[in-house]
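To start, the structure under review is shown below, and the notes come after it.
The values are calculated or read from the model by the stated rules, or taken from the named source; none is laboratory data. Here the structure is a predicted model, which means the values were calculated and not measured. FYI the Cβ positions are ideal-geometry reconstructions off the backbone, even for glycines, and counts take in every protein chain you see. Side chains are part of the model used for accessible areas, which takes the heavy atoms of the whole protein and leaves out ligands, DNA and RNA. Shrake-Rupley method; radii C 1.70, N 1.55, O 1.52, S 1.80 Å.
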Amino acid sequence: MDIQSTDTGRLLGASDKPDWFEYPPDFLSVCQTGLSEFRPWKILHEPYISSRMAALKTRYAHRDLVPFALRLDCDDVACWDRASTPRVVIIHDFASVDWESRKTYETFWDWFRAAMNDFTDFEP
């Protein structure tokens, strides 16, 4: 199954991805299930990935980030950072430079477990 053309939306294509980046297989496995919104988190799809990636680069030029999820109740964005891949970094978007890093998870699965805990605790 080609995850880039599933019903869950489109991820960055080969020509849109930074040269250093490949989607982790664990992330693709979750996308293949169709699970894309588990409040307060939402998996980003094109064209939102590209626009958020460009905006993050404008605000945090010293970082190479690929966003993949947005927290809907605040400005947190889950990303892969070239300097720390495969870790997941939580960027508090719109924060001052050098204050944007909120949290780091060692693996995608560590982030996903935390996101599921957020889902069970979240009250809209």
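If each of Thr85 and Ser50 carries a label point 7 Å out from its Cα toward its Cβ, how far apart are those two points in nm?
About 1.9 nm, to one decimal.
Within the accessible area of the stretch 55-124, what % is carbon and sulfur when the probe is 1.4 Å and the other protein chains stay in place?
Using a 1.4 Å probe with all protein chains present, the stretch 55-124 comes out at 51 percent carbon and sulfur.
Might you work out the accessible area of Val89 for me, using a 1.4 Å probe with all protein chains in place, and round it to the nearest 10 Å²?
10 Å²
For the stretch 41-101, what ratio Rg/Rh do Cα atoms give with a Kirkwood hydrodynamic radius?
Rg divided by Rh gives 0.92.
Less than 15 Å apart at the alpha-carbon level, and either on another chain or at least 8 residues along: which aspartates and glutamates does that give for Lys17?
Glu46, Asp64, Asp81
Could you order peptides 91-97, 111-117 by the average number of other Cβ atoms within 10 Å of their residues, highest first?
111-117, 91-97
Quick one: what are the phi-derived ³J(HN,Hα) couplings along the stretch 100-112, Karplus 6.51/-1.76/1.60 with θ = phi - 60°, whole Hz, x for glycine and proline?
For the stretch 100-112, the Karplus curve yields 7, 6, 9, 7, 10, 10, 5, 9, 4, 4, 5, 5, 4 Hz.
Tell me the mean residue ellipticity at 222 nm calculated for the chain from its helices only (DSSP H runs of n ≥ 4, each -39500 (n - 2.57), averaged over every residue, nearest 500).
-8500 deg cm²/dmol
Give me the tail of P(r) for the chain as a percent: Cα-Cα pairs with distance above 17 Å.
Percentage above 17 Å: 55.
Treat each spin label as a single point 7 Å out from the Cα along the C-beta direction, and report the Thr120 to Lys103 distance in nm.
Placing both labels 7 Å along Cα→Cβ, they lie 1.5 nm apart.
Averaged per residue, what accessible area in Å² does the stretch 1-108 show with a 1.4 Å probe, protein chains only?
Ligands and nucleic acids excluded, the result is 53 Å² per residue.
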